[in-house]
Every structure is written in structure tokens, then in C-alpha cells.
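Have a look at the structure below, then the notes.
The values are calculated or read from the model by the stated rules, or taken from the named source; none is laboratory data. Computed from a prediction, not measured in an experiment: that's the story for all the values here. With ideal geometry, Cβ positions are generated from the backbone for all residues, glycine too; neighbour counts draw on all protein chains shown.
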């Protein structure tokens, strides 16, 4: 017998017949669970690749090249800046909601130089809880039911649930390897098919999300690629959310181009940056959105109705750090460039380690991840069943058997592209030498066990 | 070059040339109106052109909105082609053809007028969910206080430092190894959730699971946001007790819910309501607000702005209704440690039948006088908290690590010292108790009628007997308390907050005779405020 209708109508019975509530206590508990279900906006958004893999980080015996955060310390002046800020009484209390004045002014200085335009610190900048918070604010402010949002695969995994939570439909387009596999592939070999891209735009397209440098591949979109995207945005009158959290991690011979600086793009682009990635302090969770006032004001509305303001002492410290590095911009000891130089060595080392045992790394032009094709290892995982894509199985096997953690790249693609990407895993190389040494030791003895 | 006119604006909608059905046209028309308002308010178009555009734009948008309204009612039945009455199809055809004809002509003229060159988007920009929630009193009043360098008893934050033990904990945390500066557990730093669970288990009287029953958030504000987003769907009703912390209403609105208000009122027949305890809910009135659509009720105890601390009996009335109607209780208890005169703070989640339906919100900022740290939490049964976690993981994901570590250390210290004279949770209210009385006396002496709060940071005062001549023309259309507060800032250099801001739009006019003072300030600040009030009173 279907009891559901009885439970559903129970509240009405209670109201109209004035039953003694206490006699229906068992009924109450079941009623409670019915009404306490999640809202439609978060239906199906509870699962997450990190939930599955970050518990691994707690196990010290595992060499963790999975989740993307440095195990190298942040620059000392940034830590000192925080210690100093915490000592100032009023910096322990609320600051301006849309961004602490010291920070937004520093941002407008640094980015004013980068964009080569006057940035209004109060109207064209919003400080958020990490780059993540900026993505959320942009999505909630500007995307809704009926909209489509184009996402380039592989993508930072949060884009899809955020688009869905805003009620919109994600539309995918994969990056494709343009040349046949050789021993030396880099992220520039992954490109968009421009005709395919154009076909994804229609009158419902509200925005396209781009991530440059890209996580996980490390691709830096070239000026001409960005121009092609810009042309489509202008033609179809769409917004562009440009996730540029890794903007300073650019390796030799490559240039980071901001799509917002292309003609016609400033007025339709939100550019996202991150203090966590800029200063190697992911645990500070500060980021920012930069864009035209008529867009930023809507993100500010979301901010004032979701968390109102970000922590003050952290913002002060980031502001001071930015001002210090602003003076050094273009010089080798500017952290924006010195970190990239340090990481380039680690990047090359990691690529070499992987090649030595026969894997094919995709050498990134930017960012701190590298994806690697594991096909050549010929690892038979049929004993692990058919339910998961190969890369998930490979990573789980590698964690268990080799004590080395990575992230499966299909976590960053839509269902239709799984087959294309399931031979890749993602490794993070912003790790101290001892971590990389340990990884190297595991790789060297790979075939021995 | 022809100056832009109402007609040239139309061409920015030139892409509307192909409109398959009227429904799309109408909804996009409404969006265009919003777009017009958006761009016209911030457009980089030069002032000369701008003066033409607003009039033109508004005219166009206005007439289109009018037209869209009457046509919308025609097609209210549905948007399916087959179900449209013939009249609508005729109208649709007409409008489609009209746009198609005008479109190409206009797009040329607009292009000539340079409209497109600005790269301005011609489509609707903002999402409907943020309609009507852009205004905010804090932005306005904190700016005003700063502009006039007023003695600030307005916004609710201490102007004295956090206790030294918490500042030391923060310093220790940030020197505590690289992991203090990198991501921690998304739903709450392990050290923090463990001590919160331990601490509050003792108070609530049940075993709280640190991993399942707690979510750490960016301030209590974000905990409230997660709660509404997780639990309130379009069409759900949320009962809000007035006066309320102003963010509840826009948060309910953003979640698509409908706010239903029930006021605290001075108890009848007890003379002048001199204490927050005299402000009560009418049980009958409260019961009448519950309906089959009621999803949640929001209570705030101790209350901001009134300072009321709900007694056990009052919470029991609310609890009974929650259980009867199967409603979730959102209990904002950020001021839980600040109660005076021996008043006890009671957690509604500890009443029978309430743990499984209550989300209790807390704040490290208010607990440790460090509002700028923005560390808060939501606590409740795992089956409800898991939905808040889903919102959290898809909105900010992590909270700052070092601050959480410091708060954990603070709570461990308080756990060990609970109930003793060294406990900050005892010392702070003792410290504030005196300030509260001092401010109340000062307000009385100048003819204001304060309502002594049983708890919290704030005190409201009745300004109706003051008879000030408020002649500032810039505020003439505003409510009396708004006008008075602005006058007090500009003329006397003292900042407060108008209490009607904490009432629903429907009831605001009935409560425009109160202003709110924050007394959690250094003695020197309170002294400065007293001097201003005394001077004013003497000059009358």
C-alpha cells in the first residue's frame, strides 16, 4: 500500500481536525524527513570528486600530487603582513563589504597596469571568497533558468554544478589534440575546433566560461584563439567569464592574454583572479572579480546577500603584498615572476620523471598541473570492474599499490567526452623538492614491484 | 550623425528580428526593460547623449512593458502554440512583422549613432533572483557616518580589540607551518568542528557529530545564506519575526520564498514597555501565520535590534507550532553569550522534538569580538545540514584556515574555563552590562526613551517625544526615523541606525519612531556620544 499520500496529507489533517499532535509521534518523524529534503536548485549537486580523493591527503604515507595546493610556504612578507594586520584593532572588525579599501586600491593599481586602463577600485572590482566565490557570484548574478553556458573541456569541475545551481544548462566543447601523439606534447597542442565552437552558440547562450591558463591541461589561450572566442561573444551578444587564477604562472616563451582587453570585450567580461594562487596561500580564500560597473554591481548584490564581507586582516595582508610586488613588476624578484621561474624547473623535472617510465606528459604552458597519458603503461584494471572510467580506476589503483595520488581527468569533463579523456591523470607540481623526490622514487621503482 | 532617440534604442534589440513566439518576445521585453535600467544607470555614453537616452529609453521601455503586461495576461494560460487563442496569434504576427520591418532599418541608424561600437550588451543582464535586493542600509549609513566623521554607534561591531588570547591564537596559527595557509577540510577545519561539537554537546544536551552536524561558514551571514538556499524553494513561506536582522528578507526573496511577518509588540496593559522582555509575540497571531506552505520560521535570540532574549515558555510556543506544522526552525543565536541581568539564553534546539528540525547559527565574530574574521557555523541534525553543505561546496567551498584554527583554540580555552570567572563568555557580558546601563541613563536624560535590552549588542530608543524640526529637503520623502538618523549624523555627528530598516515593507510605517544604538564600544566612544547628547539637550 502506498503510504506516501497519507504522509503528505497528514499536516492538513492535523490542522483541520486539531488532533493531539503527541499521539502521532511516529508519523511526525516520517513527515519531518519528507519536508526536509533539499531544494530543487541543489538537486544532484552533492557529489564531488574532491570528497572522494581528498581524504587521501590525510594519509601521510601517500605522496600527494592530487589536490592543487602548494606544500611550499608562502612568501614571508605575506605571512608577516598578516601578522601585522592582526595586531591592528580595527582590522579585526568588519570592513567594506565589496572589498577592503587597501586591497581594492592595490588591485586597481596592479591590474590597471596589466589592463592598461583606469580601474575604479569601488565600482569595477569585487573581492570574494577565493576565485570560487567570484565564479559563484557571477553565476548567481548573471545566469538563470533558460540560459545556456558554454564550458570548454576539460574544465575546473565546479563550473558545471554552479551553472546547474543557477538553473542553466551547461553546453560542452572539448579541447582536442591537434597532432598525432608523439613523445613531446605540450598544452598548445590542445585546441578548439572553431567551427565546432561556433555551432555551440545560439540565442540562449548567456555566457562562455574560459580558464586560461587552463586547469588541468595548462593551456594558455593564444591571442588569436581568444579573438575567435571574442568574435563569437560579440556576434551572439554573450558574456564571458574568464577564470584567470593562474595568470602569473606563465612559463618561458608564453604570454598570458586577457580576453577583456580585446576590442568589444571589456563591457561583457568578468575576469577572475585569486590571492590563493598568486601568493601560494590557498587557505586564505580570497579572490576578486574585475569588470565593468554594469556587471560588477550585480555581483555586488549577490555578495551583499550571501556573505556580505570577506575577512579583514587577510584582505589587508593581500593588499600590502600586492603593493610590494607592484613596485617590483617586471623585475626578477617580483613574486609574480619568481614563482613562475621556480615552478618551471619543477615542471620540467616532473615531465622528465614521467617520460622515463614511458608515460606521455602534456607539458603545460602555464598553471601548476600536468596531465599525463598513462596508456603506455598498459595497466590492466579489468579486475576493478566496468562502472568507472579508466582514469578513476587507475588513480585508485595507483594510490593503493604505488602510494602516489593524482586526480582523474574525466572529473573535469562532461559525460560525452569521457572516452576521449579517460587515459589521462592530473598531477600537481607545486610541491617542495622532497615531495618530488619521493614521487620520483616511486616512479623509478614502478616496474620493479 | 542622428542623435539617439527612443526609436534608435529599439535597434539594440534588432536581434529580435526573428521571434518565434510571443511568449519569448514578452519575456524578453520585460528583460529589456531591466536591461535599459541597468545600462542607462551606468552607461559610459557621454552626458549629452545620455540625457536623450533615459527619457527615450524609459519611454520605450515603459510602453513596451505596458504592452507586454496586457499581452501577458492574454496568454496567461500557457505558452504552447496550440493553446493560444486566435487573437493572440494575430497580435503575435503583428508584433513580429513590425519588429522585422523596423529591425534592419534601426540597426543601421544605431550603428551610425555609435551605440553598438560601445560594445554594450543588448540583452538582459542580471538574473531575476537578484531583483529588488540591491538596496542595503549599511552601504548608505556607513558611508554617511564616515563622510561626517560621526561618533559611530551605528553598525554593530566592537571598537575595542578582541581578547589577547584569541589574537595570540591567530598569530600562532599563521606561524604554524605551510598547511595553515592552504586549503583545509571544506565543511570545517577538523580542530574547529571537533571543539564546537564538544562544547555545544554539553549545552544542548546531546551528542553532536562534528563531521555530520556542523558546517563552518564565512560568518553567520553565509550560514544563513546556505540555510535559505538549501531549504527554501520557490513558493515556500518563511515566517520572520519582526523586528529582524535585515538580511533575512532579501535572502528569503533570493531563494524564491515568500516572507510572512509576525511582529514582537509591547505587552498590553503593562505600562511603558521599558525592557525588551516586555515585547512579546501573540501566540494566536503567530499560529495564524502558519500555513501548509510554511517551510521555516526564523528567530533571532538574543534579538537584533531589540535585544529580546526569548524565554523557555516563548520558545515552547514556537516549538509546538513547528512540530505541529512540520516546519524547520532557523535559530540565529550569534549573540548567545551576551545576556544581562542573569537572563538565561535558551537554545530552541534543546527542546523536545526540536533538534531534528532546527538549524542553529553561531558566530565567532560576535563570540570573540572579532567580527572581521568572518567565521561562523550552522549546527543541526545531519539530515538537514547535508543540504547546507551542498550549497557551501558549490558556492565558496572552503573557509580561511588560520582563522578557523584560532577560533578552535579559543573555544578549547573557553571549554576548559566554562562557568569560571576567567571565562571570556562571562567577562564580556559583565563588561557590557555596565555600558548598557550607562547608555540607557544617558539617553533617558536627554528625553529619548530607551528599551533596556536583555541581551545582544544593541538598544533601541523611542524618539517620538523629541519634536525635532527635520527640514533637510534631501530626506523629505523618507520615514521619520531615517530622517532623524540622517539629521543626527549631519547636525550632531552621532551615527545610529533607523529601526524601520528592520521591519517589513508592509509594517515599516508603524515603527518609524525608534533608532538603534550599539553600545559595544570603548568607554571613550560612549563618552563622546554622551557629550554630544548632553550638549544637544542643554542647547534646547
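For this structure, a couple of remarks:
- Selection status of residue A:103, within 27 Å of residue B:368 (Cβ to Cβ), modelled with pLDDT of 95 or more, facing another protein chain (nearest Cβ under 9 Å) and assigned to a helix (DSSP H, G or I): no
- Any chance residue B:441 is over 26 Å from the mean Cα position of the chain (by Cα), farther than 28 Å from residue B:458 by Cα, in a helix (DSSP H, G or I) and away from every other protein chain (no Cβ under 14 Å): no
- Of the strands (runs of 3 or more DSSP E) contained entirely in the range B:154-270, those carrying at least 2 residues that are under 28 Å from the mean Cα position of the chain (by Cα), at pLDDT 95 or above and within 15 Å of residue B:360 (Cβ to Cβ) fall at B:214-217.
- Summed over the range A:413-437, the residues that are touching a strand residue (DSSP E or B) at 6+ places or on another chain (Cβ under 7 Å) and closer than 16 Å to residue A:67 by Cβ give a count of 6.
- Hey, residue A:167 within 12 Å of chain B (Cβ to nearest Cβ), at pLDDT 95 or above, in contact with a helix residue (DSSP H, G or I) (Cβ under 9 Å, 6 or more places away or on another chain) and buried (at least 24 other Cβ atoms within 10 Å of the Cβ) or not: no
- When restricted to residues that are in a helix (DSSP H, G or I) and touching a helix residue (DSSP H, G or I) at 6+ places or on another chain (Cβ under 6 Å), the range B:488-498 contains 2.
- Among the candidates A:299, A:286, residue that is touching a strand residue (DSSP E or B) at 6+ places or on another chain (Cβ under 8 Å), within 12 Å of chain B (Cβ to nearest Cβ), at pLDDT 95 or above and farther than 18 Å from residue A:78 by Cα: A:299
- Scope the range A:374-403; condition surrounded by 20 or more Cβ atoms within 10 Å (Cβ to Cβ) and either part of a strand (DSSP E or B) or out of contact with any strand residue (DSSP E or B) (no Cβ under 7 Å at 6 or more places or on another chain) (or both); matching residues: A:390, A:393
- As a summary of the residue check, residue B:309 satisfies the conditions (1) within 14 Å of chain A (Cβ to nearest Cβ); (2) touching a strand residue (DSSP E or B) at 6+ places or on another chain (Cβ under 6 Å); (3) under 30 Å from residue B:408 (Cα atoms) except for the one numbered (1).
- Note on the range A:118-130: residues that are more than 10 Å from every other protein chain (Cβ to nearest Cβ) and more than 13 Å from residue A:303 (Cα to Cα) amount to 6.
- Odd one out for residue B:285 among (1) touching a strand residue (DSSP E or B) at 6+ places or on another chain (Cβ under 7 Å); (2) crowded, with 19+ Cβ neighbours inside 10 Å: (2)
- Residue match in the range A:246-261 (condition: within 26 Å of residue A:200 (Cα to Cα), in contact with a helix residue (DSSP H, G or I) (Cβ under 6 Å, 6 or more places away or on another chain), within 14 Å of chain B (Cβ to nearest Cβ) and part of a loop (DSSP other than H, G, I, E, B)): no
- Checklist (1) within 28 Å of the chain's Cα centre (by Cα); (2) surrounded by fewer than 17 Cβ atoms within 10 Å (Cβ to Cβ); (3) in a helix (DSSP H, G or I) applied to residue B:434, failing item: (1)
- Residue in the range B:123-153 that is surrounded by the most Cβ atoms within 10 Å (Cβ to Cβ), counting only those that are more than 7 Å from every other protein chain (Cβ to nearest Cβ) and in a loop (DSSP other than H, G, I, E, B): B:153
- Candidates in the range B:387-401 are the residues that are outside any loop (DSSP other than H, G, I, E, B) and at the interface with chain A (Cβ under 7 Å from one of its Cβ atoms); of these, the one that is farthest from residue B:225 (Cα to Cα) is B:401.
- The one condition in (1) closer than 29 Å to residue A:234 by Cα; (2) surrounded by 14 or more Cβ atoms within 10 Å (Cβ to Cβ); (3) modelled with pLDDT under 90; (4) within 14 Å of another protein chain (Cβ to nearest Cβ) that residue B:117 fails to fulfil: (2)
- Test result for residue B:243, more than 14 Å from chain A (Cβ to nearest Cβ), touching a helix residue (DSSP H, G or I) at 6+ places or on another chain (Cβ under 8 Å) and crowded, with 21+ Cβ neighbours inside 10 Å: yes
- Residues that are over 30 Å from the mean Cα position of the chain (by Cα) and either modelled with pLDDT of 95 or more or assigned to a loop (DSSP other than H, G, I, E, B) (or both), drawn from the range B:444-464: B:446, B:447
- None of A:311, A:361, A:332 is surrounded by fewer than 16 Cβ atoms within 10 Å (Cβ to Cβ) and farther than 25 Å from residue A:118 by Cβ except A:332.
- Residue match in the range B:507-522 (condition: free of Cβ contacts under 8 Å to residues at least 12 places away in the same chain, in a helix (DSSP H, G or I) and under 21 Å from residue B:264 (Cα atoms)): yes
- Boolean, residue A:235 is without any contact (Cβ under 8 Å) to a residue 40 or more places away in the chain and either within 20 Å of residue B:125 (Cβ to Cβ) or at the interface with chain B (Cβ under 10 Å from one of its Cβ atoms) (or both): yes
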